[in-house]
Amino acid sequence: MTTSDPLLRLEGEVRARGGSVHSADLRAAGHSAHTMALAVAAGRLERMRRSWLVADACDAGIRRAVEVGGRLTCVTAAARRGLWTARADALHVAVPRTSSRLSGDGLRLHWGAGPRPVPRHAVVDDVVNILFHVAQCLPPPDALAVWESAIRTRTADPDELRRVAWHSSAAARYASVASVLSDSGIETRFVGILRSLGVPVRQQVRVDGHRVDGLVGERLVLQVDGFAHHQAADRRRDLRADARLVLRGYTVLRFDFVQVLFSPDEVIATVTMAIAQGLHRAPRRG
């Protein structure tokens, strides 16, 4: 339904665009500076940073980003896109390197832009830039979880990510393993590492009524925790299964995705020492 009232049309456009719009974009949409001034004077819209018009229903996070002349990024923007994130203790906002005199209270400021250009007046970052900031801001387990979530939900394509000029060693490292950022991919990487050493690993063998990720010899069980193991219930289930196997004479070595992807030497050292100690063999009878 359309209206001839210019104030109603202006207010409707601002709300439709998420509650905050730069005046240049409103002028491009056909709204006059006079109408904008009337809307502000009447209290129907609020002017921020001279050039932004904000509706009273504007999201608090976007309002805060507009206040500092930035856009939501990192885990804040990732959560808005439906990606898995750890709970953030602050609002993450990307601001230009030239910004000054900012009040960063309650904010985690990310200085500078990511590798992908975005519309000049965007208030929420592009997913490539989100992953760029995540890679530099979060510890590896949490950063990898966000990257994996973006790939699993098809918000980002792993082949495209590997071709990005990241200008960040952390982001480039995550992009290089993007194709295996899934539980099955990590398991494949894990088994490949061991088989390259001549360790015969059997995958998805049923032991004690459940499948294990890998079995070496008769008694050495290898398990890899991927991104599905964020919930406490998953962890408790795995601990119960490990305990049952130990009581039945198995040795269980459990690794997580960070060890497999970034500390393979540690994984190799642990598994090969277990083999050297004969933990893969069943005890001899008699």
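Using 0.36 nm per residue, how much length does the chain from R244 to F262 gain when fully extended, once their Cα-Cα distance is taken away?
Values: separation 18, 0.36 × 18 = 6.48 nm, distance 2.96 nm.
My answer for the length gained is 3.5 nm.
In nanometres, what is the gap between the two model label sites at A33 and A282, each 7 Å from Cα along Cα-to-Cβ?
In this crude spin-label approximation the distance works out to 8.7 nm.
Quick one: grab the alpha carbon gyration tensor of the chain, order the square roots of its eigenvalues as a ≥ b ≥ c, and give me rounded if a/c is under 1.5, else prolate or oblate depending on whether a/b is larger than b/c. Mind showing how you got there, number by number?
Details: a/c = 3.60, a/b = 2.98, b/c = 1.21.
Here the chain falls in the prolate category.
Any idea how far apart S196 and R235 come out in nm if each label point goes 7 Å out from Cα toward Cβ?
Between S196 and R235, the simple spin-label model gives 3.1 nm.
How do the peptides 62-68, 189-195 rank, highest first, by the average count of neighbouring beta carbon atoms within 10 Å per residue?
Values: 62-68: 20.3, 189-195: 17.7.
Highest mean packing first, the order is 62-68, 189-195.
Rounded, prolate or oblate: which one fits the range 175-286, using the alpha carbon gyration tensor with axes a ≥ b ≥ c (rounded when a/c is under 1.5, else prolate when a/b beats b/c, else oblate)? Mind showing how you got there, number by number?
Numbers: a/c = 2.08, a/b = 1.28, b/c = 1.63.
Oblate, because a/c is 1.5 or more while a/b does not exceed b/c.
What ranking, highest mean first, results for peptides 50-59, 171-180, 236-245 when packing means the other Cβ atoms within 10 Å averaged over each residue? If you can, show how the numbers build up before the last one.
Values: 50-59: 17.4, 171-180: 19.6, 236-245: 13.9.
Ranking, from highest mean packing down: 171-180, 50-59, 236-245.
Counting only DSSP beta bridges with both residues in the chain, tell me the antiparallel percent, nearest 5. Let's see the in-between values first.
On the way: 17 of 29 bridges.
So the antiparallel bridges in the chain amount to around 60 percent.
Taking the Cβ of I268 as the centre, find all other residues whose Cβ is under 15 Å away and add up their charges (Lys, Arg: +1; Asp, Glu: -1). Working shown, then result.
Details: positive: R189, R195; negative: D265, E266.
Spelling it out: positives minus negatives among the neighbours equals 0.
Taking the chain as the reference, fit the longest principal axis to its C-alpha atoms, fit the long axis of helix 183-195 to the helix C-alpha atoms, and give the angle between the two in degrees, 0 to 90, nearest 10.
Approximately 40 degrees, to the nearest ten.
Only Cα pairs under 8 Å and at least 6 apart count here; give the relative contact order of the chain as a rounded whole percent. Could the numbers behind the result be given before it?
Values: 382 pairs, mean separation 29.6, N = 286.
Across the chain, relative contact order equals 10 percent.
With r defined as the distance between the Cβ atoms of R154 and M273 and R0 fixed at 45 Å, what FRET efficiency is calculated, to the nearest 0.05?
Taking R0 as 45 Å, the efficiency between R154 and M273 is 0.65.
Throughout, read-outs are computed from the coordinates displayed, never taken from laboratory work. As the structure is a computational prediction, the values presented were derived from the model and not from experiment. Please note: Cβ atoms are built from the backbone with ideal geometry, for glycine as well, and neighbour counts cover all protein chains shown.
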